[in-house]
Amino acid sequence: MKYKIIFLKLFNFVIFDMRILLIIFVSYLLGSIPTAFILMKLVKNIDIRTAGSGNVGGMNTYEVSGSKLLGFIVFLVDFLKGFFAVIISKNFFPDNFLIVGLSVFFVVLGHCYSVWIGFKGGRGLATAFGSTITFIPPAFFIWALIWLAVYIKSKDIHLGNIWATISTFILMIINFDFLKKYLDPSTDSFNEYTLIVTLVLGLIFIRHLEPLRMIISKTRLKKEV
């Protein structure tokens with residue numbers, strides 16, 4: 001019922017303020033710029049969608065090209081897509097957590113499912129980092145610390161991504177009362193907060209289902225051997 005009220009509130013916002021549709025549209029378009037695809041086509045004449053893991057992101061760019069510089073450029077541009085989406089939405093709605101949160105979701109959605117390359121894309125992490133660093137800074141640092149701990153132990157980037165995403169979601173939900181003072185813009189609505197955290201981290205988790213299946217498959221093979 002509470003979430004129904006939030007959606008009705010959002011619907012009324014959209015009806016009476018077309019700026020919200022503009023924010024959503026611009027956020028998605030920013031996110032949908034396929035940085036890795038463009039760069040790899042220009043520099044290496046490679047379709048990143050059919051090379052390596054097929055992921056249109058910084059890690060696959062590095063693995064396919066062998067260039068740390070190209071991988072870093074892709075990461076940086078994807079990071080900035082998220083950063084500027086939040087800056088733009090804050091300019092229009094400086095005190096509205098829900099609308100800024102939706103801009104975060106749609107910029108990440110655009111990155112993961114880009115309309116320009118057949119709705120292919122990356123896994124959303126770099127863009128999510130860029131958007132949360134000025135919106136929910138604790139999310140960035142919690143995720144990074146957990147990822148580092150898992151990676152040091154496992155030496156598996158994808159496993160680190162998955163554990164960090166799940167753990168960050170849990171920690172952010174149960175620590176809302178503490179974390180809300182670090183939100184920008186802030187909110188006292190646990191439901192709005194939970195909705196945005198679930199949408200963004202849920203999307204990132206969905207994009208990691210394929211690596212998760214691969215990890216499970218490798219674990220089974222090891223046990224059989």
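Read-outs throughout are calculated quantities, based only on the coordinates presented, and are distinct from any laboratory measurement. Note that this is a predicted model, so its numbers are computed, not measured. Don't worry about glycine lacking a Cβ; one is built from the backbone with ideal geometry, like all the others, and counts go over all protein chains shown.
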message = Give me the dipole magnitude in Debye, nearest 20, for the stretch 26-158 about the Cα centre, with unit charges on the beta carbon: positive for Lys and Arg, negative for Asp and Glu.
response = 240 debye
inquiry  = Below 14 angstrom from the Cβ of Thr132, what's the summed charge of the other residues (Lys, Arg +1; Asp, Glu -1)?
reply    = 0
task = Along Cα→Cβ, 7 Å out, is where each label goes; now give me the distance between the ones at Ile216 and Ile170 in nm to one decimal.
result = 1.8 nm
note = Hydrodynamic calc, the stretch 70-225: Kirkwood Rh from Cα pairs, then Stokes-Einstein at 4 °C with viscosity 1.567 mPa s, so D in µm² s⁻¹ is 80 µm²/s
note = Charge dipole of the chain built from unit charges on the beta carbon (Lys, Arg +1; Asp, Glu -1), centred at mean Cα; most positive-end Cα among Leu80, Val107, Ile206 is Ile206
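Can you tell me the length gained on complete extension of the stretch Ala149 to Ile133, counting 0.36 nm per residue apart and subtracting the Cα distance?
Details: separation 16, 0.36 × 16 = 5.76 nm, distance 2.02 nm.
Result for the pair: 3.7 nm of gain on full extension.
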query = Exposure proxy check: Ile87, Ile196 ranked by fewest other beta carbons within 10 Å?
reply = Ile87, Ile196
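With +1 on the Cβ of every Lys and Arg and -1 on the Cβ of every Asp and Glu, and nothing else charged, how large is the dipole of the chain about its Cα centre, in debye rounded to the nearest 20? List each step's numbers first, then the result.
On the way: 22 positive and 12 negative charges, 126 e Å.
Dipole about the Cα centre, nearest 20: 600 debye.
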inquiry  = Check which residues have an amide H placed less than 5 Å from Lys120's amide H, if you skip close sequence neighbours.
reply    = Ser114
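Quickly rank 43-54, 120-131 as a protection proxy: mean count of other C-beta atoms within 10 Å, highest first.
120-131, 43-54
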